[in-house]
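The values are calculated or read from the model by the stated rules, or taken from the named source; none is laboratory data. Keep in mind the model is a prediction, meaning the values are calculated, not measured. Here the Cβ positions follow ideal geometry from the backbone for every residue, glycine too, while neighbour counts run over all protein chains shown.
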Amino acid sequence: MYCHLAISSILLATLAGATATSNHSEYEYVVVGSGPGGGTVAANLARAGHSVFLIEAGGDHGDELLQRVPAFSGNAAETANQSWSFFVSHYQDDVQARRDDKFTYSFPNGSYYIGLDPPEGTTPLGIFYPRGNTVGGSSQVNAMSFALPPDSDWRYIAQLTGDDSWLPESMRQIYIDLERAHSVPAGTPGRGFDGYISSNLNNVSYVANTTGVAAVVGEGIRRLEGIEVEDQTHLSELLQREINDLDTPMYGNGSWFQMPVHVDSLRRRSGARNFVIDTIQPESEDGSQAYPLTLSTHSLATRILFMQDGGRPKAVGVEYLKGEGLYAADRRYDENAKGELRKVFASREVIVAGGSFNTPQILKLSGVGPSKELKELGIPVVKDLPAAGNYMQDNYEGGVRVRASADWDFPYDTRCYSGSDECLSEWLEHGQSLLGEAGAPLSFTYRSSVSENEDADLFFFGTPGVVFTGFFPGYSTSFAFDPPVFTWSIVKMQTGNTAGTVTLKSSNPRDVPVINFNYFQEMADRDLQAMAEGANYIMEVFQNLGSPYTPVEVIAPNPEDVNQALMDEAFSHHVTSTCRMGPKDHPEYCVDSKFRVNGVKGLRVVDASVFPRTPGGFPVAPTFMVGLKAARTILAELEVSESK
């Protein structure tokens with residue numbers, strides 16, 4: 001319907017050196033990105049009977065052990081054909097930025113130096129930030145944390161946009177409809193049991209039956225919640241309280257619990273890929289595909305195609321390159337491999353769900369973004385959208401590491417980390433062994449004195465016997481088992497910093513954009529004070545354990561200057577808000593409450609970039625919810641338009 005109009009109007013120039021194909025195709029919807037947002041909206045639209053073309057830059061590796069086994073998540077996040085390796089800036093001040101011992105430099109031969117004293121001849125890269133490049137996106141390579149945000153985050157969106165469909169009660173129903181819960185009894189209010197994303201808890205016995213770890217949890221609960229833990233049974237009961245339950249108190253003054261994870265009953269990862277493939281595979285009685293979802297893997301979206309419609313630009317398709325390793329963040333990247341240039345057209349809408357780095361990049365390459373930036377790169381301006389690529393946010397994460405006077409005796413089964421066939425067989429046959437454990441074994445929330453509301457503003461997750469300092473090339477194979485060490489990560493919620501940016505390096509869609517989080521540019525004192533209070537709380541827990549664990553040596557943060565130490569080592573991996581949602585057509589926002597890009601017809605964004613602030617401590621569950629909400633919004637609008 002739109003093919004000849006789009007080609008003859010304002011299609012941007014094709015890529016030099018790429019081979020164009022002439023067999024254009026048309027679907028009702030074209031979706032860019034198959035992660036928790038894009039994969040979810042695409043599958044739901046197809047299940048409603050609408051033809052969808054789903055573009056994914058990576059391949060399908062969901063049947064491989066690296067993605068299926070929860071304990072292998074870090075390895076998956078660093079596997080070349082399953083992830084992209086971004087390097088980002090945390091600070092504009094280079095001196096402060098390079099105080100982080102995770103700061104990475106490259107040698108001329110492509111190898112890395114990571115540390116504080118780079119050799120001559122190395123080039124500064126920044127801080128490693130892996131993202132999923134595979135069917136299912138980052139939900140296939142993450143640590144599977146699946147915690148809902150506090151209700152106040154949904155109220156914030158509803159109040160900001162004036163759209164009551166974002167209120168907690170409505171969003172809870174979205175969660176119920178997508179969840180398949182395995183850790184609570186059927187019929188538990190506020191939980192779902194027939195959805196397509198499994199939720200679960202880890203094996204509580206690993207914690208409750210370990211004397212040292214149980215002592216830490218017991219003291220932590222006593223100091224935070226005023227509850228005296230009576231015995232192992234009582235501890236197990238307390239740890240099986242769920243932060244995702246309806247009317248949970250976990251976001252009040254704080255509570256201890258286990259991290260919810262998106263893992264099924266057999267301890268396999270449950271991600272966006274499952275839902276996409278489960279939508280593609282079913283057949284009708286005549287052998288045809290039951291749901292009209294077409295998945296195009298190894299397809300790098302390069303730009304959105306537009307036509308003029310009533311004086312406004314309308315998205316009518318997507319141009320993409322077919323081929324593997326075509327993006328510069330791919331470790332297999334070869335600038336001489338050009339790929340095959342293709343186009344696909346949408347009779348209804350284009351939906352961009354490339355993630356918080358790539359969504360603003362795609363929009364800008366297409367002429368939708370800050371006009372000054374686009375003009376400087378010679379990109380024709382389709383729509384001046386100042387918010388695209390600005391206001392980037394993330395949860396700060398800071399580490400607390402201590403060394404006790406005795407081992408914690410956490411039951412790490414070394415077979416599971418040495419390639420043991422026996423350990424893998426236990427997981428394959430029964431879903432047992434430590435290979436089936438996801439995320440971290442312990443979690444708690446904490447409300448600092450500077451929380452902006454009545455909710456906890458810190459989310460901790462911890463692991464005994466392991467040293468973890470953040471992300472750098474090789475982090476997944478550098479975990480150090482150190483029995484007397486205990487590591488906690490402080491995740492700062494309600495961050496006050498919206499100064500992050502994603503800007504184009506060039507007009508070449510294969511280039512990685514320039515990403516600068518601009519840490520602690522706004523409300524730094526408040527955020528650092530909150531993190532310092534949380535660090536002091538958990539250090540007091542350790543210091544009050546008594547024999548044989550005390551005295552306890554504090555490794556990080558440096559007790560002599562906690563704030564500076566937190567700034568030096570802070571990291572993050574929950575990027576959001578680069579195409580944030582807000583009042584319709586407001587210049588400081590990118591999309592309205594129905595995911596529609598301001599000033600452009602037929603174009604929506606459905607991924608974590610739309611959150612006006614980072615939701616809770618882990619955005620993956622909210623992003624799955626956004627995917628389902630977007631599909632229902634689109635279908636409801638379609639029903640209204642067709643009834644007229």
Check your understanding: If you check every pair at least six apart or on different chains, which have Cβ atoms under 7 Å apart with a residue in the stretch 534-552 that is on the phi < 0 side of the Ramachandran plot and surrounded by fewer than 18 Cβ atoms within 10 Å (Cβ to Cβ) first and a residue that is among the polar types (S, T, N, Q) and not in a loop (DSSP other than H, G, I, E, B) second?
Key -> Thr550/Gln543
Check your understanding: Which condition number does Pro583 fail, the rest of (1) surrounded by 19 or more Cβ atoms within 10 Å (Cβ to Cβ); (2) in contact with a Phe, Trp or Tyr (Cβ under 7 Å, 6 or more places away or on another chain) being met?
Key -> (1)
Check your understanding: Restricting the stretch 592-628 to residues that are surrounded by fewer than 24 Cβ atoms within 10 Å (Cβ to Cβ) and among the basic types (Lys, Arg), which is farthest from Gln494 (Cα to Cα)?
Key -> Lys601
Check your understanding: Pick from the stretch 240-289 the residues that are surrounded by fewer than 24 Cβ atoms within 10 Å (Cβ to Cβ) and assigned to a helix (DSSP H, G or I): which of them is nearest to the chain's Cα centre (by Cα)?
Key -> Asn274
Revision key, fill the gap. Among Leu566, Leu638, the single one that is modelled with pLDDT of 95 or more and surrounded by 23 or more Cβ atoms within 10 Å (Cβ to Cβ) is Leu566
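Please enumerate the residues belonging to the stretch 534-553 that are of a type in the set (D, E, K, R) and within 16 Å of Gly465 (Cα to Cα).
From the stretch 534-553, those of a type in the set (D, E, K, R) are 540, 553; that's our starting set.
Selection gives Glu553 alone.
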Exercise for review: Determine whether the stretch 137-154 contains at least one residue that is in contact with a His (Cβ under 7 Å, 6 or more places away or on another chain) and not in a helix (DSSP H, G or I).
Suggested key: yes
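Would you check which residues across the stretch 169-189 are basic (Lys, Arg) and part of a helix (DSSP H, G or I) and list them? Before you say what the answer is, go through the steps one by one.
From the stretch 169-189, those basic (Lys, Arg) are 172, 180; that's our starting set.
Within the stretch 169-189, just Arg172 meets the criteria.
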Study note, to complete from the structure: With criteria (1) closer than 29 Å to Val466 by Cβ; (2) at pLDDT below 95; (3) among the acidic types (Asp, Glu), Glu230 comes up short on (2)
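For residues that are under 26 Å from Ser451 (Cα atoms) and assigned to a loop (DSSP other than H, G, I, E, B), tally how many sit in the stretch 498-518.
The initial filter retains those residues of the stretch 498-518 that are under 26 Å from Ser451 (Cα atoms), namely 498-501, 516-518.
Going one step further and asking which of them are assigned to a loop (DSSP other than H, G, I, E, B), we end up with 498-499, 517-518.
Total meeting the criteria: 4.
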Exercise for review: Any chance you could count how many residues in the stretch 77-122 are of a type outside the set (S, T, N, Q) and either surrounded by 13 or more Cβ atoms within 10 Å (Cβ to Cβ) or in a strand (DSSP E or B) (or both)?
Suggested key: 23
Review point. What's the number of the condition Phe486 fails, among (1) within 19 Å of Val541 (Cα to Cα); (2) under 18 Å from the mean Cα position of the chain (by Cα)?
Key: (2)
Exercise for review: For the stretch 190-203, indicate whether the set of residues that are in contact with a helix residue (DSSP H, G or I) (Cβ under 6 Å, 6 or more places away or on another chain) and either polar (S, T, N, Q) or not in a loop (DSSP other than H, G, I, E, B) (or both) is non-empty.
Suggested key: yes
Review point. Would a scan of the stretch 429-443 turn up a residue that is out of contact with any Leu (no Cβ under 8 Å at 6 or more places or on another chain), under 22 Å from Met567 (Cα atoms), modelled with pLDDT of 95 or more and among the hydroxyl-bearing types (Ser, Thr, Tyr)?
Key: no
Review point. Of these, Thr495, Thr487, Thr469, which one is within 25 Å of Gly126 (Cα to Cα), of a type in the set (Ser, Thr, Tyr) and part of a strand (DSSP E or B)?
Key: Thr487
